[in-house]
Amino acid sequence: MTGESSAARQRILETASQLFYQKGIQNVGINEVIAASGVAKRTLYRHFPSKDDLILEVMQHRSAQWIRWFEESVADRGNTAKERLLATFDVLQGWYAKPDFRGCPFINAVLEIADAAHPVHQVSVDLREAIRTYIMQLASEAGVRDPGSFSQQYLLLIGGASLMATIEGNPAGAQQARNILSVLIDAS
């Protein structure tokens, strides 16, 4: 892939990602992605033969970006594993408070694409597993007795906090989840 071709592909991915997140996957057509990214129709279809291919690549790209951002942001906020575990909800609260926050893009995608066999569902499952694995590692380092169960409980907290932020338009659920997480850590 040439530099120009790679740049066009990246521009399409970034543009589609932004449009899908702000308007919803089903509400964005290929022509809108083409117009907003400033590429020719042929260029888009050379990189992404169908809208489903584009959706999948956008979600895979977004997933890799999200987990990298999450882990790096958490690492910057704590010296110990316990501090980093608690900091996860500080990081999330900052995300939820952004003016363009429209909910978790992975939950949104699963809700929008009803076909459970669609590959986007697996991207969301894989990201959930990456989060769980990261939390399980931190929990183990923090001395939590059962990091596996703890990581599952954590996923319930992050899902609830994300849903509250989406529905209520208020990031305060992250602080409540952080308080509950602190109790769970101390109880272990």
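The values are calculated or read from the model by the stated rules, or taken from the named source; none is laboratory data. Predicted model, so just to flag it, every value in this text is computed and none were measured. When we count neighbours, we look across all protein chains shown, and the Cβ atoms used for this are built from the backbone with ideal geometry, even at glycine.
Given Gly148, Gly143, which one is surrounded by fewer than 19 Cβ atoms within 10 Å (Cβ to Cβ), of a type in the set (Gly, Ala, Ser) and assigned to a helix (DSSP H, G or I)?
Exactly one residue qualifies, and that residue is Gly148.
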- Query: Of Gln22, Gln26, Gln18, which residue is over 16 Å from the mean Cα position of the chain (by Cα), outside the structural domain of Leu138 (by TED's automatic domain parsing) and either of a type outside the set (Phe, Trp, Tyr) or surrounded by 12 or more Cβ atoms within 10 Å (Cβ to Cβ) (or both)?
  - Reply: Gln26
- Counting only residues that are of a type outside the set (S, T, N, Q) and in contact (Cβ under 8 Å) with a residue 60 or more places away in the chain, how many does segment 57-73 have? 5
- Task: Could you list, in sequence order, all residues of segment 158-179 that are in a helix (DSSP H, G or I), in contact with a Gly (Cβ under 9 Å, 6 or more places away or on another chain) and surrounded by 14 or more Cβ atoms within 10 Å (Cβ to Cβ)?
- Result: Gly160, Ala161, Ser162, Leu163, Met164, Ala165, Thr166, Gly173, Ala174, Gln176, Ala177
- Message: I'm trying to understand the selection: among the residues of segment 75-129, which are free of Cβ contacts under 8 Å to residues at least 40 places away in the same chain and not in a helix (DSSP H, G or I)?
- Response: Asp76, Arg77, Gly78, Asn79, Lys98, Pro99, Ala114, Asp115, Ala116, Ala117
- If Arg68 satisfies every condition in (1) in a loop (DSSP other than H, G, I, E, B); (2) charged (D, E, K, R); (3) out of contact with any helix residue (DSSP H, G or I) (no Cβ under 9 Å at 6 or more places or on another chain) but one, which is the exception? (1)
- Message: Criterion first (part of a helix (DSSP H, G or I), touching a residue at least 40 places away in the same chain (Cβ under 8 Å) and either closer than 27 Å to Asn170 by Cβ or β-branched (Val, Ile, Thr) (or both)) does Ile34 satisfy it?
- Response: no
- For Thr80, are the conditions met, namely being over 23 Å from Val58 (Cβ atoms) and either in contact with a strand residue (DSSP E or B) (Cβ under 8 Å, 6 or more places away or on another chain) or exposed (fewer than 15 other Cβ atoms within 10 Å of the Cβ) (or both)? yes
- Scan segment 142-154 and report the pairs whose first residue is closer than 20 Å to Asn179 by Cβ and whose second residue is aromatic (Phe, Trp, Tyr), with Cβ atoms within less than 6 Å and a gap of 6+ or a chain change. Val144/Phe150
